[in-house]
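Some notes on the structure that comes next.
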Amino acid sequence: MASDNKFMVRTRTPFLGFPGISKDDFDYGVYATEDIEIAEIVVRLSGNWIVEPSRTSIQIGERHLESSTGGYVNHHCDPNCVVLCNLVDLTLTERLVPIDVKIKGSLTSMMISNPKPVLVAIKPILKDEEITFDYNTTESNLANPFKCNCHGNWIRGKAHRFQE
């Protein structure tokens, strides 16, 4: 599985007063620092859990994770990653499960598993390629809906996925 060293956060905000620079020239995102294979963990998401969504949080179940790295992962309708939960089962084996699966079990099994959200590659990712996921797969309702650059449709969250 991939280490956390397989990505870098790029945050470059140009000087807006410079001739020829507009707000559309902002360059931010998370990029691969080496080739990544399918099914590799690309980013282990961590941060603060909040109740209400923010512009940069990622919804995991009913809570929202405000992650310093995850907040820079951009949306794409044909993403190269998916958000999953990494948990440890009772045999101490790591398992990747979808975030919307209702995990039931004893208190002991939940304490052992300690599920952690991760971004996992669903297609090969080349060095310097941007890491992306589909926001409509995690968010019920986005705090800041937007028109996506992929096809111009509104990205609002799962509750609105088939509306335009």
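The values are calculated or read from the model by the stated rules, or taken from the named source; none is laboratory data. All figures in this text were calculated on a predicted structure; none of them were measured in a lab. Cβ sites come from the backbone with ideal geometry, for glycine too, and all protein chains shown count toward neighbours.
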Practice prompt. Give the residues of the stretch 69-108 that are surrounded by fewer than 13 Cβ atoms within 10 Å (Cβ to Cβ) and at pLDDT 90 or above, sorted by residue number.
Written response: ASP78
Discussion item. Go through (1) at pLDDT 90 or above; (2) within 20 Å of ILE36 (Cβ to Cβ); (3) surrounded by fewer than 18 Cβ atoms within 10 Å (Cβ to Cβ); (4) in contact with a strand residue (DSSP E or B) (Cβ under 6 Å, 6 or more places away or on another chain) for ILE50 and report which single condition fails.
Written reply: (2)
Response to the item:
Subset of the stretch 110-127, residues in a loop (DSSP other than H, G, I, E, B) and modelled with pLDDT of 90 or more, comes to ILE122, LYS123, PRO124, LEU126, LYS127
Item to complete: Identify all residues within the stretch 68-84 that are in a strand (DSSP E or B) and touching a Gly at 6+ places or on another chain (Cβ under 9 Å); write none if there are none.
Response: ASN74, VAL83
Item to complete: Identify the single condition in (1) modelled with pLDDT under 80; (2) surrounded by 11 or more Cβ atoms within 10 Å (Cβ to Cβ) that PHE15 does not satisfy, given that it satisfies every other one.
Response: (2)
